[in-house]
1. List pairs: first in the stretch 129-142 and among the small types (Gly, Ala, Ser), second open to solvent by less than 70 Å² (accessible area, probe 1.4 Å) and not in a helix (DSSP H, G or I), Cβ under 7 Å, 6+ apart or cross-chain?
2. Tell me whether the stretch 6-27 contains one or more residues that are in a helix (DSSP H, G or I), open to solvent by less than 60 Å² (accessible area, probe 1.4 Å), free of Cβ contacts under 8 Å to residues at least 60 places away in the same chain and not hydrophobic (A, V, I, L, M, F, W, C).
3. Output the residues belonging to the stretch 143-158 that are open to solvent by 70 Å² or more (accessible area, probe 1.4 Å) and in a helix (DSSP H, G or I).
4. Spot the failing condition for Thr37; the list is (1) in contact with a Gly (Cβ under 8 Å, 6 or more places away or on another chain); (2) without any contact (Cβ under 8 Å) to a residue 24 or more places away in the chain, and only one is missed.
Amino acid sequence: MELNELQKDCARRQKRGLHFILASIVIWGLILAVQLTNLTTEQKNLAVFCCSAVLFPLAWGLSKMLKIDFEGKGNPLTKAGILFSINQMLYILIAMWVYAAVPEKMVMVYAMIFGAHLMPFSWLYQSNSYMVFSIIVPIASLILGLMYPPYVLAAIMMVIEAVFSACLFRECAK
């Protein structure tokens, strides 16, 4: 198979990673809940990191419900998708530094990292939605994170991820 065919196969079988984006709505909901508690900023930030721990089990469960090929076996581009995902783990080191240096801005940086990591998936899934949201999310996160408390950013991230999911549903339907 040529590259274009492999990308189309990956997008079709994995429904453009929709299960992960749907899972991110739940994660941002958890982050919002954490931000609305009376914990200290440092405790909230630690809990934000913990919220991400449910991403893979949640995405796996959603993939089963939506009949999405979670593993993508047989397509060599699946390895690229895994690399794109794991790459975000390196960027989380930046959020860990912010956790210690500027704790009140950690959620903002976390959201910016989340959004920016989406860009390579626009290539993998041949998706305009990934390209658009990989630009919108970091910029919106920066603006909102500088102007509003973290709970506002978390709430808006839930809305953004819901809109992103709707866009992916539409792309998958084509």
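1. Ser134/Leu118
2. Yes, the stretch 6-27 contains a residue that is in a helix (DSSP H, G or I), open to solvent by less than 60 Å² (accessible area, probe 1.4 Å), free of Cβ contacts under 8 Å to residues at least 60 places away in the same chain and not hydrophobic (A, V, I, L, M, F, W, C).
3. Residues satisfying the conditions are Ile143, Leu146, Met147, Tyr151.
4. So the condition that Thr37 fails would be (1).
The values are calculated or read from the model by the stated rules, or taken from the named source; none is laboratory data. Values in this document were obtained by computation on a predicted structure and should not be read as measured data. Cβ: placed from backbone, ideal geometry, glycine included. Neighbour counts: every protein chain shown. The accessibility values were calculated without ligands, DNA or RNA, using every heavy atom of the protein model including side chains. Shrake-Rupley method; radii C 1.70, N 1.55, O 1.52, S 1.80 Å.
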